[in-house]
Amino acid sequence: MPWKKMDVMEQRLSFLVRAAQRLERMSGLCREFGISRQTGHTWLRRYREAGRLSCVEEMSRRPHHSPDRIAPELEAQVVGLRVKYGWGARKLQVLLGQKGTRLSEATINRVIRRNGLLRKEDSHLPAVKRFEREHPNELWQMDFKGPMEGPAGKCLPLSILDDHSRYAVGLYPLVGTKAEPVWACLERTFERYGVPEAMLMDHGVPWWGTSNGHGLTVVSVRLIRQGVDLIYGRIRHPQTQGKVERFNRTVKDAIRHRGKPENWGLALEEIRHEYNHVRPHEALGMEVPARRYRPSPRGYCPKPPEWEYTSGSLMKRLNTQGCLDYDRRRYFVCESLAGEWVRLAPVEGRVIVQYRQMFIREIDLERGETYPFVQPASSPMRGSKEGDEAGCTGGV
């Protein structure tokens, strides 16, 4: 099987789980995953060095040594002038030349960036390369826009955007981040547009357990039950969700231009319609998002069917506190999964806990510790016949 274009981490984890169990020949396993034996052994070695499956990610390709990097005293000159004047590379180049130091504009810019001295207002060129999913509903991005005040009171807009088309499938006027109102908005969106394959979110409430570090919440578990893969952006890297962040800025600009509304619901729906059907989008070749979007064929299931795990899987039911009794010890897994059946994959002194299509927890049996581990697992069931018979709604 070839590596999936957008699920490299998922494929890598599935490969490591099977390779570490040593139940199959490495050559056949590598052939199945479409990688060389050298690559397979490299991933296995890195996992064993890291000590945890959830720590195995793409390693940096940055060289250990930079022979072309300028001398520390020259870098200090650049930094000193930048801090003193706040000027850009072209002006600093002139000042340095007056002192007999010859540095290129590109080198000075690298020094500024490397030392964290690049300000937001210094970066105003458009992106030369954009990344997006190939088809609508492969990935939705979801985020809250910072609170806004107006005659109608406080509003915390919830934005839901399709990654491929930039189509805003949802823009709702909430007053907080409580789980039930958020889920009600998601249900309305699913009933209207169907269910996406994956959802990209940040590490914030109510879709990540920030208060206890356990990860999954009521909202994220309900998304998993709909067969939605969960993807979380890097902490303190909002550019991971660049499209929805940019949409939030568009909403803010629209409110500023229109003035604070008397009715947040009507105002946000007007903005959403204008954004989807009227406003040309540069990233889409000046087309409107509605021209590139179509509803998902995956319908919403109010009562999702039971998940069918691989035959012969080791299964356990979590207790009423969301804990797992295993090997005469008790381990925390997830409060929101209390009473649910999970699949266990033992791997060299560890156990990977899987709920439906997601790996959700890693247990270190030697240390007695558990770690949040929210990653897609290679699973079937993408709009099964069972799901159609369960009364799914929405989509096309």
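Assorted remarks:
- Given 145/316; 178/252; 178/243; 154/303, the pairs whose alpha carbons are separated by over 31 Å: 145/316; 154/303
- When the alpha carbon gyration tensor of region 314-376 is reduced to an equivalent ellipsoid, the three semi-axes, largest first, read 15, 14, 10 Å.
- Beta bridges per DSSP, both residues in region 140-291: antiparallel share near 75 percent.
- Coil-residue chymotrypsin sites (Phe, Trp or Tyr not before Pro) of region 242-324, DSSP, other Cβ within 10 Å capped at 13: none
- Normalising the average separation of contacting C-alpha pairs (under 8 angstrom, six or more residues apart) by the number of residues puts the relative contact order of region 314-376 at 24 percent.
Throughout, read-outs are computed from the coordinates displayed, never taken from laboratory work. Here the structure is a predicted model, which means the values were calculated and not measured. Note that we place each Cβ from the backbone using ideal geometry, even for glycine, and neighbour counts take in every protein chain shown.
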